[in-house]
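Data block below; observations after.
No lab work stands behind these numbers, since they all come straight from the coordinates. Here the structure is a predicted model, which is why all the values come from computation and not from measurement. For neighbour counting, all protein chains shown are included, and Cβ atoms are generated from backbone atoms with ideal geometry for every residue, glycine included.
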Amino acid sequence: MNLPSRRGARRHGHRMGIDSRSRAWRRHHAQMAVDSARRLRERPLASLMTMLAIAVALMLPAILWLLLSSASLLDRNLDDSAQMTLYLAPQLTESQAMDISDQVGSMDGVISTRLITAAAGLQEFQQRLGSGDILSLLDDNPLPATIVVQPNSRDPQQVQALADRLSQLRGVDSARLDMAWLERLRQLAELGQRLVIALGVLFACGVLLVVGNTVRLAVESRRREIEVVTLVGATHAFVRRPFLYSGAWYGLGGGFMALVLLLIGRHWLSAPINALAQSFGTHYTLPALGFGGSMFLLSCGTLLGLIGAWLAVDRHLAGIRPR
């Protein structure tokens, strides 16, 4: 009868020990987070300078990403350049041209079609050329009916395959597609995306160097303290913890400053950009990160600060030996 109760007591004591260690671990983390923030407040100028350097490193790729994310104009150009024109046979009637347009619109890979009859094409040509008197001397309309096709893909190979398929339809003389311009626009968009990634990696390394150098100085300034706590049995994880929180605070503060600078810059540039857009008869709004983008920027800053601190502390703890 006593054996089960002893086993139960041991299990209960084991659970109590785990809970106690867990509470002590959480309490130490909270203390180190508060203590790290207090140490940063004790050196406000140095801390702000470090956060400002991190903010600049985070802000530059964010600006380029915003410029690419506001690619509504680029998307519109891509849509226009991806359009293909089908030239129909001159002997087709308007009803036959409408049947072919409906047939093309129901095919896979086509978003929409727009039929331009021969008469409408001639009228548009007269308006653009401004030579209605000359064209009125012609006996017959030399322009064929055309169908403007909007494909659902921007990939040059898929668009070319669709053009080849449409050109084989009965009643279609030829299909015209400016593949060179479409390919140039696609390469430009890809170049912009790779540039954002390259700058992001480059400036992320800059954040790691800034945080790592700052934490390295903090480790050196507390070298005696680290030697003492290591001598009494503190593990590297225990010693590393306050510096990791310092790096996280630096990264979080740098991310917040980057958001503030982006907001100020957007407000400062909105008025002249709106005036310039209105002079061209259009409306343009500068893009913003939004809630998701802001959280992503803050997370990146915090994570980079944490990694930079980890690398710096691990490297210098290896060279510190208690004497």
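General remarks:
- Ordering of 242-255, 220-233, 46-59, 150-163 by burial proxy (mean other Cβ atoms within 10 Å per residue, highest first): 242-255, 46-59, 150-163, 220-233
- As a rough guide to protection, the peptides 211-218, 272-279 ranked by mean Cβ packing within 10 Å, highest first, stand as 211-218, 272-279.
- Binned Cα-Cα distance frequencies in region 175-318 - 5 Å width, integer %: 2, 9, 12, 13, 12, 12, 10, 8, 7, 5, 4, 3, 2, 1, 0, 0, 0
- Which of Val149, Val110 has the fewest Cβ neighbours within 10 Å, and the rest in rising order: Val110, Val149
- If only the Cβ of Lys and Arg carry +1 and only the Cβ of Asp and Glu carry -1, the dipole of region 202-323 around its Cα centre is close to 400 debye.
- Separation of alpha-carbon centers, region 227-298 and region 33-63, rounded to whole Å: 10 Å
- Each peptide among 263-270, 189-196, 31-38 gets the average number of other Cβ atoms lying within 10 Å of its residues, and from highest to lowest they stand as 31-38, 189-196, 263-270.
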